[in-house]
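The structure under discussion appears below in the form of structure tokens.
The values are calculated or read from the model by the stated rules, or taken from the named source; none is laboratory data. Just so we're clear, the structure is a prediction, and the values are computed from it rather than from any experiment. Cβ placement follows ideal geometry from the backbone for every residue including glycine, while neighbour counts extend to all protein chains displayed. For the accessible areas, the whole protein counts, side chains as well, though only heavy atoms, and no ligand, DNA or RNA atoms are used. Shrake-Rupley method; radii C 1.70, N 1.55, O 1.52, S 1.80 Å.
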Amino acid sequence: MPAQESIAKAQSGERKCILVLGMHRSGTSLLARLLNLAGAALPSDLLGASEGNVFGHWEPAWLVSRNDAFLAGLGTSWDDWARLDTTAVPPDLMTAYVADLRSFLRAELGDAPLILIKEPRTCRIAAPILRALGDEGIRPLAVIPFRNPLEVAGSLRARNGMAERDGILLWLRHVVDAERDSRALPRSFLAYDRLMADWRPEFERLSRQLGLAWPRSLDTAADDMAGFIAPEARHNHRADADLQEVSYTGGLALRVFAALQALTAEPCDAAAMAAMDSCARQLDEIEDLTLPTRKAIAREAAGRISELERTVTELSALRDGLAEMNETNRHLIDDLRGRLDGARAEIDRQAQALEAVYASHSWRFSAPLR
């Protein structure tokens, strides 16, 4: 069943799912926990805290692993900014993925009236996830958090060692795809700065735009939500004006960021969506111009790395062989030294015995006879 038909099928159902369609390092973990505190149910197998996210990721470990496998089946990965055409996915791969998603939804989220799925890779592969939700009779709602791309790129550089330009391109692809694939859904856009500064008006606006009544009232949840927001956990502060100053963000990234800001007020703003479409075409053009060359360079580098790894393996084996020989030789030398020491001791003993004979009375008495 196509994704749009699945969405239509779920419209009359009472169960809803909030999809957090946000780029990595864009406040998705913070948002997911706040949504959870307002009553949206999370899966049980969540990723725990890590050095890069000390307050927890709030995303299902199974889904991260399954999405990585799905992307690998398409010949890509989470950090590849090349566009994906989910309509061209081999049918068997797509069928297996959707079936696994449906099993996950039933096993992990049961009959909860409002559920929550946050996993940044979903920005790129929203269509099959929407199909699985529709097939399960669950109505999808999209919440799209966004952050200054220079901050995102800085965070990726610190966590993953990713070049800042690559981080900007990855941000562009994620937000462009998330915006395009959520147009048929009730949706709301959230700026990370505003959410950190004052969560309450952002959640009230989100509630209106999604037509959502929270299982737990915001008044009841207010202390918990305010207590979870930790300004000290935020790093990589960059002003919005910095986008104009950096040579590779003053055009495309700046226009996309401005369009996202316009969509916070009106999630279906026609001018903003037209701007996003224009930027998407430009991003595709950049990909067509540069990515084949970049991938060729990457393949060549990977080949050289493999060759170096083979050389290192061979040298390690040689080193181990020499070490083994040295160990054998050491034992042989120790044995020879022991035998030599024994021979020296025996010579000393015999010499002492001979000296004793020379000193004896019988030796001196028999001297005339000799």
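Just to be sure before I move on: is ARG159 surrounded by fewer than 20 Cβ atoms within 10 Å (Cβ to Cβ) and over 26 Å from LEU109 (Cβ atoms) in the structure I sent? Against the criterion (surrounded by fewer than 20 Cβ atoms within 10 Å (Cβ to Cβ) and over 26 Å from LEU109 (Cβ atoms)), ARG159 qualifies.
Restrict the check to region 92-99 and report whether at least one residue is more than 30 Å from ALA226 (Cα to Cα) and either touching a Lys or Arg at 6+ places or on another chain (Cβ under 8 Å) or touching a residue at least 40 places away in the same chain (Cβ under 8 Å) (or both). Among the residues of region 92-99, at least one is more than 30 Å from ALA226 (Cα to Cα) and either touching a Lys or Arg at 6+ places or on another chain (Cβ under 8 Å) or touching a residue at least 40 places away in the same chain (Cβ under 8 Å) (or both), which makes the answer yes. Can you name every residue in region 126-156 that is assigned to a helix (DSSP H, G or I), of a type in the set (Gly, Ala, Ser) and under 25 Å from ARG281 (Cβ atoms)? Within region 126-156, ALA126, ALA127, ALA153 meet the criteria. Can you confirm whether region 86-98 contains a residue that is assigned to a helix (DSSP H, G or I), closer than 17 Å to LEU19 by Cα, at pLDDT 95 or above and not hydroxyl-bearing (Ser, Thr, Tyr)? Yes: region 86-98 contains one or more residues that are assigned to a helix (DSSP H, G or I), closer than 17 Å to LEU19 by Cα, at pLDDT 95 or above and not hydroxyl-bearing (Ser, Thr, Tyr). The residue list ARG131, ARG124, ARG147 contains one member that is under 17 Å from the mean Cα position of the chain (by Cα), at pLDDT 95 or above, open to solvent by 10 Å² or more (accessible area, probe 1.4 Å) and closer than 30 Å to LEU109 by Cβ, which is ARG124.
Given the condition open to solvent by 30 Å² or more (accessible area, probe 1.4 Å) and charged (D, E, K, R), answer yes or no: does some residue in region 93-105 qualify?
Residues of region 93-105 open to solvent by 30 Å² or more (accessible area, probe 1.4 Å): 93, 95-96, 99-100, 102-103.
Still in the list and also charged (D, E, K, R): 100, 102.
Yes, region 93-105 contains a residue that is open to solvent by 30 Å² or more (accessible area, probe 1.4 Å) and charged (D, E, K, R).
Would you mind finding the one in ARG165, ARG234, ARG238 that is modelled with pLDDT of 95 or more and of a type in the set (Lys, Arg)? So the residue among ARG165, ARG234, ARG238 that is modelled with pLDDT of 95 or more and of a type in the set (Lys, Arg) is ARG165.
Looking at LEU63, is it part of a helix (DSSP H, G or I) and either loosely packed, with under 15 Cβ neighbours inside 10 Å or free of Cβ contacts under 8 Å to residues at least 12 places away in the same chain (or both)?
Working: part of a helix (DSSP H, G or I): yes; either loosely packed, with under 15 Cβ neighbours inside 10 Å or free of Cβ contacts under 8 Å to residues at least 12 places away in the same chain (or both): no.
No: the conditions fail for LEU63.
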